[in-house]
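None of the figures in this text is laboratory data; all of them are computed from the coordinates on show. Source: prediction; values computed, not measured. Glycine gets a Cβ as well: all are built from the backbone with ideal geometry, and neighbour counts include every protein chain shown.
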Amino acid sequence: MMRENYTQLEVLLLTGTTFTSRNLCQKDDSRRDDPLTETEQLAEACLNGLLPTILPESYLKAVKDSGILYLWQIKEAASFLELELGEIPATIDEHLSITPRLFFSTKSHN
């Protein structure tokens, strides 16, 4: 029998802050023709496993509940990165999402 409930974790990382402006990606960009922006460095660092380091409580609780989480998607917005993690790739319920564009569109219905 297949499980019907799966763990999903949605994380927003604000860009342009002192928290995210630290050197999060230890990659040598001197050989690149197009150095990465701060947001791109943060996204690359997340792909390289940064999330459990910077948000251990949230990540470890979700892993404890589910066993393993995969980073399925990174969406870039004007002032944040939206990370979607889960056991399987699944659509985030817009009524439960913390994404500002979804949050504000459903807030007017409450």
Practice task
Give me the distance in nm between label points sitting 7 Å out from Cα along the Cα-to-Cβ direction at Leu12 and Glu38, one decimal.
Solution key: 1.8 nm
Exercise for the section: With label points built 7 Å along Cα→Cβ from the Cα atoms of Ile88 and Leu60, find their separation and express it in nm. Expected result: 2.9 nm
Problem - For Ala77, distant residues with modelled amide H under 5 Å away - result: Glu82
